[in-house]
1. Find the centroid of the Cα atoms in the stretch 389-447 and in the stretch 362-376, then give the distance between the two in whole Å.
2. How many percent of the accessible area of the chain is carbon or sulfur, using a 1.4 Å probe?
3. Can you work out the accessible area per residue across the stretch 276-368, with the rest of the protein chains kept in place, probe 1.4 Å, in square angstrom?
4. About the Cα centre of the stretch 134-255, how large is the charge dipole given +1 on each Lys and Arg Cβ and -1 on each Asp and Glu Cβ? Please answer in debye to the nearest 20.
5. How many Lys pairs in the stretch 98-236 lie less than 20 angstrom apart by Cα atoms, where the lysines are 8 or more positions apart or on different chains?
6. In Å², and per residue, what accessible area does the stretch 202-255 have when probed at 1.4 Å with the other protein chains present?
7. Using the beta-carbon distance between residue 127 and residue 305 and R0 = 22 Å, what value does 1/(1 + (r/R0)^6) give for FRET efficiency, to the nearest 0.05?
8. Would you please give the residues with an amide H less than 5 Å from that of residue 244, counting only those at least 5 places away or on a separate chain, with H modeled from the backbone geometry?
Amino acid sequence: MEFIIKISQFLLSLSLLIVLHELGHFIPAKLFKTKVEKFYLFFDVKFSLFKKKIGDTEYGIGWLPLGGYVKIAGMIDESMDKEQMALPPQPWEFRSKPAWQRLIIMLGGVTVNFILAYVIYVAISFTYGDADIKVDSLKDGYWIDNPTLLDIGFKTGDKVLAINDTPIVNDSDIGFNLISAKSITINRGGEEKIIDLPEDFLGQYSSSKSKLNFEYRVPFMIAEVPDSSLNAKKDLKVGDIITSINGKPLKYFDQLEDATKGLENSTVAVKILREDNTTINEDLFLDKDGKFGVLRTINPPRFEELGYYDIFRKEYTFGESFAAGGRKFTKTITNYFDQLKAIFNPSTGAYKGLGGFKAIYDQFPSAWSWPYFWGLTAFLSIMLAILNLLPIPALDGGHVMFLLYEMISGRKPSEKFLERAQVIGFFILIALVLFANGNDIFKAITN
(Lines give C-alpha, C1' and ligand atoms only; values in the text may rest on other atoms or scores of the structure.)
Protein backbone atom coordinates (compact mmCIF):
# COMPACT_ATOMS: atom_id res chain seq x y z
CA MET A 1 0.00 0.00 0.00
CA GLU A 2 2.86 2.39 0.84
CA PHE A 3 4.36 1.85 -2.63
CA ILE A 4 1.00 2.49 -4.31
CA ILE A 5 0.51 5.76 -2.41
CA LYS A 6 4.04 6.99 -3.13
CA ILE A 7 4.05 6.01 -6.81
CA SER A 8 0.60 7.54 -7.30
CA GLN A 9 1.77 10.87 -5.90
CA PHE A 10 4.97 10.69 -7.93
CA LEU A 11 3.23 9.98 -11.25
CA LEU A 12 0.45 12.51 -10.63
CA SER A 13 2.93 15.27 -9.83
CA LEU A 14 5.22 14.36 -12.74
CA SER A 15 2.33 14.16 -15.22
CA LEU A 16 0.92 17.52 -14.11
CA LEU A 17 4.30 19.22 -14.48
CA ILE A 18 5.07 17.68 -17.86
CA VAL A 19 1.66 18.43 -19.41
CA LEU A 20 1.65 22.05 -18.22
CA HIS A 21 5.27 22.61 -19.27
CA GLU A 22 4.59 21.32 -22.78
CA LEU A 23 1.34 23.30 -22.87
CA GLY A 24 3.52 26.37 -22.29
CA HIS A 25 5.21 25.65 -25.63
CA PHE A 26 2.02 24.51 -27.37
CA ILE A 27 -0.15 27.59 -26.71
CA PRO A 28 2.19 30.29 -28.08
CA ALA A 29 3.08 28.03 -31.01
CA LYS A 30 -0.61 27.84 -31.90
CA LEU A 31 -1.08 31.58 -31.33
CA PHE A 32 1.71 32.27 -33.82
CA LYS A 33 0.13 29.79 -36.29
CA THR A 34 2.99 27.32 -35.98
CA LYS A 35 2.17 23.70 -36.73
CA VAL A 36 2.50 21.35 -33.73
CA GLU A 37 2.74 17.78 -34.96
CA LYS A 38 2.79 15.93 -31.61
CA PHE A 39 1.88 16.57 -27.95
CA TYR A 40 2.96 13.69 -25.72
CA LEU A 41 2.99 12.87 -22.04
CA PHE A 42 5.99 10.53 -21.60
CA PHE A 43 8.06 9.30 -24.52
CA ASP A 44 6.60 7.09 -27.25
CA VAL A 45 9.75 5.20 -28.21
CA LYS A 46 8.67 2.71 -30.91
CA PHE A 47 5.04 2.77 -29.71
CA SER A 48 2.57 4.71 -27.57
CA LEU A 49 -0.02 3.62 -25.02
CA PHE A 50 -2.60 6.01 -26.43
CA LYS A 51 -2.80 8.41 -29.33
CA LYS A 52 -5.45 10.43 -31.12
CA LYS A 53 -5.05 12.96 -33.89
CA ILE A 54 -7.07 16.15 -33.64
CA GLY A 55 -6.49 18.62 -36.45
CA ASP A 56 -2.77 18.79 -37.25
CA THR A 57 -1.68 17.49 -33.84
CA GLU A 58 -1.33 13.94 -32.56
CA TYR A 59 -2.00 13.77 -28.82
CA GLY A 60 -0.74 10.75 -26.94
CA ILE A 61 0.71 9.02 -23.89
CA GLY A 62 4.03 7.22 -24.24
CA TRP A 63 5.23 4.25 -22.24
CA LEU A 64 8.56 5.70 -21.04
CA PRO A 65 7.90 8.06 -18.08
CA LEU A 66 11.07 10.14 -18.42
CA GLY A 67 9.38 13.36 -19.52
CA GLY A 68 7.24 14.54 -22.41
CA TYR A 69 7.46 16.68 -25.53
CA VAL A 70 5.76 18.68 -28.23
CA LYS A 71 7.09 18.25 -31.76
CA ILE A 72 6.93 21.59 -33.54
CA ALA A 73 7.26 21.57 -37.31
CA GLY A 74 10.46 23.06 -38.68
CA MET A 75 12.35 22.96 -35.41
CA ILE A 76 15.63 21.19 -34.72
CA ASP A 77 14.85 19.27 -31.54
CA GLU A 78 15.30 15.82 -29.99
CA SER A 79 13.38 14.22 -32.90
CA MET A 80 16.25 15.19 -35.28
CA ASP A 81 13.82 15.16 -38.23
CA LYS A 82 16.44 15.87 -40.91
CA GLU A 83 14.11 14.98 -43.78
CA GLN A 84 11.70 17.77 -42.87
CA MET A 85 14.55 20.23 -42.35
CA ALA A 86 15.97 19.39 -45.80
CA LEU A 87 12.79 20.68 -47.46
CA PRO A 88 12.18 24.38 -48.20
CA PRO A 89 10.85 26.33 -45.16
CA GLN A 90 7.09 26.61 -44.97
CA PRO A 91 5.22 29.58 -43.46
CA TRP A 92 3.70 27.41 -40.69
CA GLU A 93 7.09 26.12 -39.54
CA PHE A 94 9.02 27.24 -36.48
CA ARG A 95 12.09 28.21 -38.51
CA SER A 96 9.98 30.61 -40.61
CA LYS A 97 8.77 32.64 -37.66
CA PRO A 98 10.44 35.86 -36.43
CA ALA A 99 13.07 35.36 -33.74
CA TRP A 100 10.97 37.06 -31.06
CA GLN A 101 8.08 34.65 -31.68
CA ARG A 102 10.43 31.65 -31.54
CA LEU A 103 11.86 33.02 -28.27
CA ILE A 104 8.39 33.28 -26.71
CA ILE A 105 7.58 29.72 -27.82
CA MET A 106 10.79 28.38 -26.26
CA LEU A 107 10.32 30.30 -23.00
CA GLY A 108 6.69 29.22 -22.72
CA GLY A 109 7.41 25.98 -20.83
CA VAL A 110 9.55 27.44 -18.06
CA THR A 111 7.21 30.44 -17.79
CA VAL A 112 4.30 28.11 -17.07
CA ASN A 113 6.42 26.21 -14.52
CA PHE A 114 7.24 29.40 -12.63
CA ILE A 115 3.62 30.59 -12.76
CA LEU A 116 2.39 27.17 -11.59
CA ALA A 117 4.76 27.17 -8.60
CA TYR A 118 3.68 30.67 -7.57
CA VAL A 119 -0.03 29.81 -7.91
CA ILE A 120 0.45 26.66 -5.82
CA TYR A 121 2.26 28.59 -3.07
CA VAL A 122 -0.52 31.19 -3.05
CA ALA A 123 -3.16 28.45 -2.82
CA ILE A 124 -1.26 26.69 -0.03
CA SER A 125 -0.96 29.94 1.92
CA PHE A 126 -4.68 30.68 1.57
CA THR A 127 -5.89 27.11 2.21
CA TYR A 128 -3.52 25.91 4.91
CA GLY A 129 -1.72 29.01 6.16
CA ASP A 130 1.70 28.63 7.74
CA ALA A 131 2.64 26.28 10.54
CA ASP A 132 6.15 25.87 11.91
CA ILE A 133 7.86 24.84 15.12
CA LYS A 134 9.58 27.60 17.10
CA VAL A 135 13.13 26.44 17.81
CA ASP A 136 13.29 28.25 21.16
CA SER A 137 10.39 26.06 22.35
CA LEU A 138 12.50 22.91 21.98
CA LYS A 139 13.57 22.87 25.61
CA ASP A 140 16.05 20.01 25.24
CA GLY A 141 17.33 20.85 21.79
CA TYR A 142 17.55 18.55 18.78
CA TRP A 143 18.09 14.83 18.30
CA ILE A 144 21.33 14.26 16.35
CA ASP A 145 21.57 10.78 14.83
CA ASN A 146 23.24 11.48 11.49
CA PRO A 147 26.83 10.07 11.57
CA THR A 148 28.15 13.04 9.56
CA LEU A 149 26.78 15.57 12.05
CA LEU A 150 28.03 13.50 14.99
CA ASP A 151 31.53 13.29 13.49
CA ILE A 152 31.61 17.06 12.97
CA GLY A 153 30.87 17.57 16.66
CA PHE A 154 27.11 17.95 17.11
CA LYS A 155 25.37 16.16 19.98
CA THR A 156 21.80 15.36 20.89
CA GLY A 157 20.48 18.22 23.01
CA ASP A 158 22.15 20.97 20.97
CA LYS A 159 19.98 24.01 20.33
CA VAL A 160 20.52 25.69 16.95
CA LEU A 161 20.81 29.47 17.29
CA ALA A 162 22.17 30.57 13.90
CA ILE A 163 23.52 29.29 10.59
CA ASN A 164 26.33 31.51 9.34
CA ASP A 165 25.06 34.91 10.53
CA THR A 166 21.35 34.11 10.04
CA PRO A 167 19.37 33.64 13.28
CA ILE A 168 17.24 30.50 13.28
CA VAL A 169 13.68 31.21 14.44
CA ASN A 170 11.63 28.36 12.99
CA ASP A 171 12.53 24.71 12.44
CA SER A 172 12.16 25.00 8.64
CA ASP A 173 14.85 27.73 8.62
CA ILE A 174 17.45 25.04 9.24
CA GLY A 175 16.70 23.15 6.03
CA PHE A 176 16.63 26.33 3.95
CA ASN A 177 19.97 27.58 5.28
CA LEU A 178 21.88 24.30 5.59
CA ILE A 179 22.77 24.26 1.87
CA SER A 180 24.96 27.37 2.20
CA ALA A 181 26.10 26.72 5.77
CA LYS A 182 29.71 27.40 6.66
CA SER A 183 29.21 27.47 10.42
CA ILE A 184 26.43 26.75 12.90
CA THR A 185 26.04 28.46 16.26
CA ILE A 186 24.56 26.23 18.96
CA ASN A 187 23.70 26.36 22.63
CA ARG A 188 24.95 23.31 24.53
CA GLY A 189 24.19 23.16 28.22
CA GLY A 190 23.76 26.93 28.42
CA GLU A 191 27.02 27.69 26.61
CA GLU A 192 27.18 29.09 23.07
CA LYS A 193 29.50 27.33 20.66
CA ILE A 194 30.30 27.77 16.96
CA ILE A 195 30.86 24.60 14.94
CA ASP A 196 32.63 25.16 11.63
CA LEU A 197 31.55 22.83 8.84
CA PRO A 198 34.12 21.23 6.51
CA GLU A 199 34.17 22.47 2.92
CA ASP A 200 32.86 19.12 1.67
CA PHE A 201 30.09 18.96 4.28
CA LEU A 202 27.36 18.58 1.65
CA GLY A 203 29.27 15.70 0.05
CA GLN A 204 29.68 13.95 3.39
CA TYR A 205 26.04 14.55 4.27
CA SER A 206 24.83 13.30 0.87
CA SER A 207 26.89 10.13 1.22
CA SER A 208 25.64 9.39 4.72
CA LYS A 209 23.39 6.38 5.21
CA SER A 210 21.12 8.53 7.37
CA LYS A 211 19.29 11.47 5.82
CA LEU A 212 18.22 12.84 9.21
CA ASN A 213 19.71 16.18 10.18
CA PHE A 214 18.42 18.18 13.14
CA GLU A 215 15.32 16.27 14.32
CA TYR A 216 13.14 17.75 17.04
CA ARG A 217 12.85 15.49 20.07
CA VAL A 218 9.48 13.83 20.61
CA PRO A 219 8.14 11.07 22.87
CA PHE A 220 7.66 7.44 21.87
CA MET A 221 4.02 7.51 20.71
CA ILE A 222 2.54 4.38 19.16
CA ALA A 223 1.03 4.78 15.68
CA GLU A 224 0.38 1.12 14.85
CA VAL A 225 0.87 -2.36 16.32
CA PRO A 226 1.34 -4.78 13.40
CA ASP A 227 -0.22 -8.23 13.66
CA SER A 228 3.29 -9.68 13.35
CA SER A 229 4.50 -7.84 16.46
CA LEU A 230 5.43 -9.82 19.58
CA ASN A 231 3.22 -7.34 21.45
CA ALA A 232 0.22 -7.60 19.11
CA LYS A 233 -2.01 -9.09 21.86
CA LYS A 234 -0.96 -6.61 24.53
CA ASP A 235 -3.18 -3.74 25.71
CA LEU A 236 -1.69 -1.17 23.33
CA LYS A 237 -3.62 1.56 21.53
CA VAL A 238 -2.81 4.12 18.87
CA GLY A 239 -1.73 7.30 20.68
CA ASP A 240 -0.20 5.52 23.68
CA ILE A 241 3.06 7.09 24.88
CA ILE A 242 5.68 4.91 26.56
CA THR A 243 7.02 7.05 29.41
CA SER A 244 9.29 4.62 31.28
CA ILE A 245 10.99 1.23 30.89
CA ASN A 246 11.77 -0.81 34.01
CA GLY A 247 11.32 2.35 36.07
CA LYS A 248 13.74 4.39 33.91
CA PRO A 249 12.07 7.56 32.54
CA LEU A 250 11.73 7.76 28.75
CA LYS A 251 10.95 11.37 27.89
CA TYR A 252 12.13 11.19 24.28
CA PHE A 253 12.19 8.46 21.66
CA ASP A 254 15.92 9.04 21.11
CA GLN A 255 16.52 7.71 24.65
CA LEU A 256 15.09 4.29 23.75
CA GLU A 257 18.37 2.69 22.71
CA ASP A 258 20.04 3.51 26.03
CA ALA A 259 16.93 2.50 28.00
CA THR A 260 16.77 -0.96 26.37
CA LYS A 261 20.50 -1.69 26.20
CA GLY A 262 21.17 -5.13 27.63
CA LEU A 263 17.45 -5.99 27.74
CA GLU A 264 17.19 -7.62 24.33
CA ASN A 265 15.02 -10.78 24.12
CA SER A 266 13.35 -10.08 27.43
CA THR A 267 10.14 -8.78 29.00
CA VAL A 268 10.20 -5.28 30.49
CA ALA A 269 7.76 -3.30 32.62
CA VAL A 270 6.61 -0.12 30.89
CA LYS A 271 4.46 2.79 31.94
CA ILE A 272 2.08 4.13 29.30
CA LEU A 273 0.31 7.49 29.09
CA ARG A 274 -3.06 7.22 27.34
CA GLU A 275 -4.77 9.89 25.23
CA ASP A 276 -7.23 10.50 28.08
CA ASN A 277 -4.19 11.26 30.30
CA THR A 278 -4.62 8.08 32.35
CA THR A 279 -1.57 5.95 33.08
CA ILE A 280 -1.37 2.16 32.81
CA ASN A 281 1.35 -0.40 33.43
CA GLU A 282 2.09 -3.19 30.95
CA ASP A 283 4.68 -5.89 30.40
CA LEU A 284 6.07 -5.79 26.85
CA PHE A 285 8.49 -7.98 24.92
CA LEU A 286 11.73 -6.68 23.44
CA ASP A 287 13.10 -8.52 20.40
CA LYS A 288 16.74 -9.38 19.69
CA ASP A 289 17.35 -5.79 18.51
CA GLY A 290 15.77 -4.21 21.58
CA LYS A 291 12.63 -3.19 19.65
CA PHE A 292 8.98 -3.45 20.69
CA GLY A 293 7.83 -4.20 17.14
CA VAL A 294 5.49 -1.20 16.90
CA LEU A 295 5.41 1.85 14.63
CA ARG A 296 5.68 5.34 16.09
CA THR A 297 4.10 8.69 15.29
CA ILE A 298 6.47 11.61 14.76
CA ASN A 299 4.32 14.74 14.57
CA PRO A 300 0.78 14.71 16.01
CA PRO A 301 -0.89 17.82 17.49
CA ARG A 302 -0.77 16.18 20.91
CA PHE A 303 2.98 16.75 21.17
CA GLU A 304 2.30 20.47 21.32
CA GLU A 305 -0.42 19.93 23.94
CA LEU A 306 2.05 17.98 26.07
CA GLY A 307 4.55 20.85 25.89
CA TYR A 308 7.21 19.29 23.69
CA TYR A 309 7.24 22.32 21.37
CA ASP A 310 5.24 25.37 20.33
CA ILE A 311 3.84 25.68 16.82
CA PHE A 312 3.69 29.05 15.12
CA ARG A 313 0.48 29.34 13.10
CA LYS A 314 -0.61 32.07 10.73
CA GLU A 315 -3.63 32.23 8.46
CA TYR A 316 -3.91 34.50 5.43
CA THR A 317 -6.80 36.24 3.76
CA PHE A 318 -7.17 35.79 0.02
CA GLY A 319 -5.36 39.07 -0.60
CA GLU A 320 -2.57 38.35 1.91
CA SER A 321 -1.95 34.92 0.39
CA PHE A 322 -0.47 36.49 -2.77
CA ALA A 323 2.36 38.11 -0.79
CA ALA A 324 2.82 35.02 1.41
CA GLY A 325 2.96 32.79 -1.65
CA GLY A 326 5.44 35.17 -3.25
CA ARG A 327 7.75 34.89 -0.24
CA LYS A 328 7.69 31.09 -0.44
CA PHE A 329 8.26 31.29 -4.20
CA THR A 330 11.32 33.54 -4.03
CA LYS A 331 12.74 31.70 -1.02
CA THR A 332 12.53 28.38 -2.87
CA ILE A 333 14.19 29.79 -5.99
CA THR A 334 17.02 31.29 -3.94
CA ASN A 335 17.52 28.01 -2.09
CA TYR A 336 17.58 26.00 -5.32
CA PHE A 337 20.16 28.31 -6.89
CA ASP A 338 22.29 27.77 -3.75
CA GLN A 339 21.99 24.02 -4.35
CA LEU A 340 23.05 24.35 -7.99
CA LYS A 341 25.97 26.57 -7.04
CA ALA A 342 27.12 23.94 -4.55
CA ILE A 343 26.67 21.08 -7.06
CA PHE A 344 28.79 22.85 -9.69
CA ASN A 345 31.54 23.47 -7.13
CA PRO A 346 33.43 20.13 -6.89
CA SER A 347 35.08 21.08 -3.58
CA THR A 348 31.72 20.96 -1.76
CA GLY A 349 31.09 17.36 -2.81
CA ALA A 350 27.41 18.30 -3.27
CA TYR A 351 27.35 16.50 -6.64
CA LYS A 352 27.32 13.24 -4.64
CA GLY A 353 23.80 14.09 -3.57
CA LEU A 354 22.54 14.52 -7.12
CA GLY A 355 19.65 12.11 -7.60
CA GLY A 356 17.31 10.96 -10.33
CA PHE A 357 13.77 9.67 -10.41
CA LYS A 358 14.14 7.47 -7.33
CA ALA A 359 15.39 10.46 -5.33
CA ILE A 360 12.27 12.38 -6.35
CA TYR A 361 10.05 9.36 -5.61
CA ASP A 362 11.57 9.09 -2.14
CA GLN A 363 10.53 12.65 -1.31
CA PHE A 364 6.84 11.74 -1.37
CA PRO A 365 5.39 10.56 1.98
CA SER A 366 4.01 7.06 2.53
CA ALA A 367 0.66 8.55 3.61
CA TRP A 368 -1.25 10.84 1.25
CA SER A 369 -0.92 14.49 2.27
CA TRP A 370 -2.30 17.18 -0.02
CA PRO A 371 -0.34 20.04 1.62
CA TYR A 372 2.91 18.07 1.24
CA PHE A 373 2.00 16.93 -2.30
CA TRP A 374 1.32 20.46 -3.52
CA GLY A 375 4.36 21.91 -1.74
CA LEU A 376 6.65 19.31 -3.31
CA THR A 377 5.00 19.77 -6.73
CA ALA A 378 5.64 23.53 -6.52
CA PHE A 379 9.30 22.88 -5.69
CA LEU A 380 9.65 20.37 -8.55
CA SER A 381 8.04 22.89 -10.92
CA ILE A 382 10.70 25.46 -9.99
CA MET A 383 13.42 22.83 -10.31
CA LEU A 384 12.14 21.85 -13.76
CA ALA A 385 12.04 25.48 -14.88
CA ILE A 386 15.56 26.33 -13.68
CA LEU A 387 17.12 23.14 -15.09
CA ASN A 388 15.43 23.77 -18.45
CA LEU A 389 16.97 27.25 -18.53
CA LEU A 390 20.51 25.88 -18.34
CA PRO A 391 22.33 26.88 -21.58
CA ILE A 392 22.70 23.30 -22.78
CA PRO A 393 21.69 22.50 -26.38
CA ALA A 394 18.63 20.20 -26.37
CA LEU A 395 17.23 22.05 -23.36
CA ASP A 396 14.99 25.12 -23.65
CA GLY A 397 17.88 27.20 -22.36
CA GLY A 398 20.09 26.04 -25.24
CA HIS A 399 17.50 27.12 -27.82
CA VAL A 400 17.09 30.44 -26.01
CA MET A 401 20.86 30.97 -26.03
CA PHE A 402 21.05 30.57 -29.81
CA LEU A 403 17.96 32.75 -30.34
CA LEU A 404 19.43 35.56 -28.24
CA TYR A 405 22.65 35.31 -30.25
CA GLU A 406 20.60 35.63 -33.45
CA MET A 407 18.63 38.62 -32.14
CA ILE A 408 21.75 40.44 -30.94
CA SER A 409 24.07 39.67 -33.87
CA GLY A 410 21.45 39.60 -36.59
CA ARG A 411 22.95 36.30 -37.84
CA LYS A 412 21.08 33.03 -37.55
CA PRO A 413 23.21 29.93 -36.74
CA SER A 414 23.20 27.44 -39.61
CA GLU A 415 20.91 24.44 -39.39
CA LYS A 416 23.95 22.14 -39.63
CA PHE A 417 25.48 23.86 -36.59
CA LEU A 418 22.21 23.60 -34.67
CA GLU A 419 21.94 19.90 -35.52
CA ARG A 420 25.45 19.23 -34.21
CA ALA A 421 24.80 21.30 -31.10
CA GLN A 422 21.59 19.33 -30.53
CA VAL A 423 23.51 16.03 -30.68
CA ILE A 424 26.16 17.32 -28.26
CA GLY A 425 23.50 18.62 -25.90
CA PHE A 426 21.64 15.31 -26.09
CA PHE A 427 24.74 13.38 -25.02
CA ILE A 428 25.37 15.84 -22.18
CA LEU A 429 21.80 15.30 -20.97
CA ILE A 430 22.12 11.52 -21.23
CA ALA A 431 25.35 11.69 -19.20
CA LEU A 432 23.66 13.79 -16.51
CA VAL A 433 20.63 11.47 -16.39
CA LEU A 434 22.86 8.39 -16.13
CA PHE A 435 24.97 10.03 -13.40
CA ALA A 436 21.94 11.14 -11.36
CA ASN A 437 20.11 7.83 -11.62
CA GLY A 438 23.37 5.95 -11.18
CA ASN A 439 23.77 7.79 -7.89
CA ASP A 440 20.35 6.50 -6.87
CA ILE A 441 21.35 2.92 -7.68
CA PHE A 442 24.70 3.24 -5.89
CA LYS A 443 23.04 4.58 -2.75
CA ALA A 444 20.40 1.85 -2.82
CA ILE A 445 23.12 -0.80 -3.00
CA THR A 446 25.51 0.68 -0.43
CA ASN A 447 23.03 2.03 2.16
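The values are calculated or read from the model by the stated rules, or taken from the named source; none is laboratory data. Since we're looking at a predicted model, the values are computed, not measured. Virtual Cβ from ideal backbone geometry, glycine too; neighbours counted across all protein chains shown. For accessibility, only protein heavy atoms count, side chains too; no ligands or nucleic acids. Shrake-Rupley method; radii C 1.70, N 1.55, O 1.52, S 1.80 Å.
1. The stretch 389-447 and the stretch 362-376 have Cα centres spaced 30 Å from each other.
2. On the way: 14570 of 23710 Å².
Taking all protein chains in place, the chain shows 61 percent carbon and sulfur surface.
3. Numbers: 5490 Å² over 93 residues.
Solvent-accessible surface per residue comes out at 59 Å².
4. Details: 15 positive and 19 negative charges, 96 e Å.
Result for the stretch 134-255 is approximately 460 debye, rounded to the nearest 20.
5. 14
6. Details: 2660 Å² over 54 residues.
Here the per-residue accessible area is 49 Å².
7. Details: r = 24 Å, r/R0 = 1.09.
So the FRET efficiency works out to roughly 0.35.
8. Long-range HN contacts for residue 244: 250, 271.
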